[in-house]
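First the structure, in the form of structure tokens, and then the observations on it.
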Amino acid sequence: MARKIGTFDAIVVGARIAGSLTAAGLAANGWRVLLLDRVDFPRTTVSTHLFFSDTLTTLRAFALLDPVLTVPAPRIRWLRFPYVEAPFPEHEGFDFAICIRREILDTLLVERLRTRPGITVLTRATVAGVLREGDRVSGVVVRRGGHEWIATAPLVIGADGRNSTIARAVAARTYDRVPALFAWYYTYYEGIPLDPEPAALAVRGAFPEIGADYAAAFLFPADHGLTLVGYGVEHRAFRAFRRDVPRYFAEGLSRIPAVRDRIAAGRRVAAIRGTAQLPNFFRIAHGPGWGLVGDASCHKDPHTVQGMGDAARSARILIEELARIDPYSSALEAALARYDERRERDLRPMYEFTTFRLRQRIPEDIWERFEARTREDPELAALRVAAMVHAIDPAMVYAPERVRELAAGAPARLADR
Ligand SMILES: Cc1cc2nc3c(=O)[nH]c(=O)nc-3n(C[C@H](O)[C@H](O)[C@H](O)COP(=O)(O)OP(=O)(O)OC[C@H]3O[C@@H](n4cnc5c(N)ncnc54)[C@H](O)[C@@H]3O)c2cc1C
């Protein structure tokens with residue numbers, strides 16, 4: 001017979017960015033929370049880790065910012081991407097991005113929560129399924145230490161990533177799916193000098209010999225003097241790329257002079273990691289007794305650097321909707337439904353941009369004018385970066401009617417936001 005861990009007000013499955021923030025927010029509202037992860041920390045995950053002011057403001061809101069800002073990592077002042085180049089705007093006191101390895105960042109969050117009243121953290125605890133009472137989810141089945149355990153709660157939140165066990169257990173439907181677009185690989189260098197105004201740099205390239213008309217390299221100044229160096233190819237070239245990842249990774253970087261010259265000053269100090277398993281989808285994010293946050297609720301290609309910020313903002317919306325709700329009352333379902341609707345509205349514009357669905361809805365000549373104006377007009381570039389970091393509502397830029405207006409010369413001043 002399964003042993004019992006206990007009864008809680010909420011169980012959060014997955015303890016990285018989405019799960020830690022959700023658990024912290026619920027506990028701040030007085031809920032008793034069980035936070036579970038199948039791994040133990042420190043443990044990395046396949047993910048680069050540039051994050052923006054939307055994540056920083058959420059970390060601050062849940063009293064998790066201080067340990068993060070003590071990590072020695074440069075304040076990154078500029079975004080220099082193939083389609084937009086501008087400094088980061090001031091956003092609730094932050095005018096920088098930061099890039100901290102996930103084994104450091106996620107461990108800091110989990111360790112901080114271990115000592116926080118109201119939160120029980122269990123690692124090496126794999127959730128195998130959910131418990132039900134009638135049609136409601138009422139808890140989880142956990143495998144830990146060679147035993148099967150159960151824990152019960154009126155709300156189970158899946159913060160367990162894109163292959164979410166909770167989503168599978170509740171048969172959460174996916175929608176607006178877009179097949180994988182790119183494969184992304186990365187490693188770390190030391191000894192690459194930092195710019196006076198550190199920038200997150202991405203540069204476009206091509207690798208026709210392996211079928212990649214589109215490839216890109218990126219360099220993000222990271223913690224402890226490291227530089228995250230990455231390279232990716234459009235998905236159709238992945239089959240050729242993976243035949244010899246170290247070779248094509250190095251050759252790809254060497255084809256992009258701006259990157260080749262910079263990394264020549266440094267030395268690679270880590271293995272190359274990455275993935276092509278990057279589907280794009282939304283999932284229905286709530287149901288009777290359950291909710292989903294972070295990648296479990298919406299996954300998208302990382303080329304627009306939205307994942308961690310999306311996880312943070314979704315957690316914040318969920319906490320806002322659950323504030324003042326008694327988890328044992330019938331108000332829970334309505335609050336979860338409001339969360340689902342709000343987080344979809346929040347994620348939608350950048351999802352459409354990231355997956356190229358927005359571009360497909362705009363005539364080519366108008367899109368070209370929008371891109372040309374971004375290159376020529378620093379105000380539009382600044383507006384687009386502000387949208388990426390969610391300092392403004394991205395729908396002010398990344399919506400079909402706005403692209404048309406901006407392409408036609410509509411004012412693009414950030415001050416007017
Ligand atoms: C190559 C790559 C590069 C990326 N680069 C960036 C970037 O630079 N910036 C950015 O913002 N985003 C980036 N992302 C996206 C980012 O990694 C994700 O959006 C983010 O990690 C989502 O966080 P999460 O907490 O929702 O899920 P995850 O980070 O996936 O965490 C889920 C947790 O759930 C746990 N778990 C899963 N199943 C179970 C179970 N059954 N029982 C118990 N625990 C379970 C896992 O162990 C894991 O710790 C990148 C992603 C990839 C793949």
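Numbers at a glance
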| read-out | value |
| --- | --- |
| For peptides 257-267, 46-56, 1-11, sequence by mean Cβ density within 10 Å, most packed first | 46-56, 1-11, 257-267 |
| Segment ASN163-ARG124, extension gain: residue separation times 0.36 nm, minus the distance between their alpha carbons | 12.3 nm |
| Amide N proximity, segment 121-142 versus ASP40 label position 7 Å along Cα-to-Cβ, cut-off under 15 Å | 122-126 |
| Segment 288-345: trypsin sites (Lys or Arg not before Pro) falling in loop per DSSP and having at most 10 other Cβ within 10 Å | ARG324 |
| Integer Hz, Karplus 6.51/-1.76/1.60 couplings in order for segment 177-183, x for Gly and Pro | 6, 9, x, 3, 9, 9, 10 |
| Candidates per GluC sites (Glu not before Pro) in segment 207-316, loop by DSSP, up to 10 other Cβ within 10 Å | none |
| Cα centre as origin, Lys/Arg/Asp/Glu Cβ charges: segment 203-269 dipole, Debye | 140 |
| Other-chain or far-sequence residues with amide H under 5 Å of LEU155's (modelled H) | ILE11 |
| Average projection area in nm² (convex hull over Cα atoms of segment 186-241, one quarter of hull surface) | 4.3 |
| Candidates per trypsin sites (Lys or Arg not before Pro) in segment 9-49, loop by DSSP, up to 16 other Cβ within 10 Å | ARG43 |
| Cα-based convex hull, the chain, per residue volume (Å³, whole number) | 145 |
| For GLY205, distant residues with modelled amide H under 5 Å away | ALA215, ALA216, ALA217 |
| For a label point 7 Å along the Cα-to-beta-carbon line of ARG177, residues of segment 265-299 with backbone N under 19 Å | 276-286, 295-299 |
| Paired Rg and Dmax values of segment 358-416, which use every Cα atom, in angstrom | 10.4, 30 |
| Computed helical MRE - 222 nm, the chain, DSSP H runs ≥ 4 contributing -39500 (n - 2.57), nearest 500 | -10000 deg cm²/dmol |
| For segment 293-400, convex hull volume per residue from C-alpha positions, Å³ | 100 |
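Bear in mind these aren't lab numbers, they're just calculated from the coordinates by the rules spelled out. Here the structure is a predicted model, which means the values were calculated and not measured. Cβ atoms come from the backbone with ideal geometry, glycine included; neighbour counts cover every protein chain shown.
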